[in-house]
Every structure is written in structure tokens, then in C-alpha cells.
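The values are calculated or read from the model by the stated rules, or taken from the named source; none is laboratory data. Quantities reported herein were computed from a predicted structural model and do not represent experimental measurements. Ideal geometry is used to build each Cβ from the backbone, glycine not excepted, and the neighbour counts take in all protein chains shown. Ligands, DNA and RNA are excluded from the accessible area calculation, which covers all protein heavy atoms including side chains. Shrake-Rupley method; radii C 1.70, N 1.55, O 1.52, S 1.80 Å.
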Amino acid sequence: MKKFVFRNRFFLIPQALFIVISLVFISLFPKVEIHLFLNQLHAPVFDHFFRLVTYLGNGLFYLAVFLFLMQRKFKFFIVFITAILLSNLLVFVFKQALLPDMYRPSKYFELYETHQLHFVQGVKLHSIRSFPSGHTTTAFTVFLMLATLTKNNATKFSFFIIAWLTGYSRIYLSQHFLIDVVAGSVVGSGSIILSFKLYKYYKMPWMRKSLTRLYRKARKKRIPAREIPAGISLQEATLQKRDLP
């Protein structure tokens, strides 16, 4: 695990700094004051930018990564699937079971504050299930996974910036408080790290190959139906073919 952290330090160290700095502010100031301060930092160009960036945290973005990982080693596919299951389970437990009534910024300010927030036109605002940020969880799960696939440190850092911008977009759009985004980043990255840890105990030789390669290999081993002698099953014919010199 130390090797994993070292290899991905250009992603994980900036994230650690982001978490520490955020927690310092959260400990010093109420989350409402933090959100109000950040909400004042807006401009039309940022409205359009963060409205688009936030889609990188959409669950559908998983599909694009799935297709990409099919061309890489099967172990990455397994790790990614495991991380998604872990992260989504944690998000579900918090949002649906433990903290289902936690207000999001728009609803909180509507009920308890007199300050008017800046809202981005065309963005559908949610009212409850604020903790943690699901979009941020998705972003850090996806982009830490991608960071592990490259040896270029600049690219790793770029992936962190994209994940961080996705998380910040949730604050900018008043969908989440800062604490929600911090928690989402921890859940997302933590799920990837834990998945790689679990893989060490269950790795198999075939996991080093890509899904595409495994599929092609399986196709080559298949025997056309017209070549199977009468009275012999496909399984028996395949076994006979393997026994041939």
C-alpha cells in the first residue's frame, strides 16, 4: 500500500492538503458562513463552466471508464467495480439511513437564513440528503482510478484537479456544503485504495489480461457446431481438442 500511495502521490498529497485545509476552516467557521462566502465568488463564465463540470460526477460517467478498462488489465476492472460498490454502499447508508433529512444549502438558507444565495439558472436544486456528496464521490473514484493507470505525474495531478473542480462545482451550484464535498472525496478515494488492498489477497493470473483479450481467447477455443461429430457434446469436443498434440 505504501507503493500505491507513493506512485499516486501527485493525486493523493494534493487531496490530503485539500482535506486538511477544509477541515481547518470547518472547525473555525460554521458551514453556513463558509458556504455564503464561497457562494459570493461567482461570475457568468463560472456559472456556465461549473454547470458543465458537475456532469463529470454523474454516475453515467462510470460507463465510459468501464469501456476504457476493458482494454486494460482485468484487475483494474475488478478493482473499479469493487470501489464503485463500496462507495455507493457508503453513500446510500448515509443518505438513506443515517442522515436522510440533512438539508442541502438551498433548503437550509430558505428555512433558516435571510441571505439570498446565488443560483445558476437551469440547475435543478435538491433539498435533502446532503451528506456526503455523491457527485464528488463518483469523481474521486473515477479520477483516482485513472490516475493509477498512468505513470505521468503531471497527468495524475491533472486528474486530481478535475476531481476537485467537480467537487467544488457542487458547492458553487449550492447543491452541497463544503463538509459534504470533503466527505465525498474521502469515500471515493478510500474506496479505490481499499479495493486495491483487497485485490492483493484475491489476485489470479488471468486478471493480468484485458477483458477483450480474454474474450478473443475464449472465441478461439470454441469449435464451430458443424465440426462437432454426431453424438458428442460441445464440452466433450472442446476437451478432445485440448488433448490433441
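Converting phi to 3J(HN,Hα) with the Karplus coefficients 6.51, -1.76 and 1.60 and the offset θ = phi - 60°, the range 164-171 yields 5, 4, 5, x, 5, 4, 5, 6 Hz in sequence order, with x at every glycine or proline. Here the peptides 158-168, 45-55 are ranked by packing, the mean other Cβ count within 10 Å, and the order with the highest first is 158-168, 45-55. Calculated accessible area for the range 33-172 comes out at 53 Å² per residue, all protein chains present (probe 1.4 Å; ligands, DNA, RNA ignored). Using the Karplus relation 6.51 cos²θ - 1.76 cosθ + 1.60 with θ = phi - 60°, the per-residue 3J(HN,Hα) values for the range 115-122 come to 6, 9, 7, 8, 10, 8, 4, x Hz, with x marking Gly and Pro. Count Lys and Arg as plus one, Asp and Glu as minus one, and take only other residues whose Cβ is under 15 Å from that of residue 160; the net charge is then +3. Packing here is the average count of other Cβ atoms within 10 Å per residue, and on that basis the peptides 106-118, 65-77, 129-141, highest first, run 129-141, 65-77, 106-118.
In the range 17-159, what is the volume of the convex hull around the alpha carbon atoms, normalised per residue and reported in Å³?
Working: hull volume 20.6 nm³, N = 143.
Considering the Cα atoms of the range 17-159, their hull volume per residue is 144 Å³.
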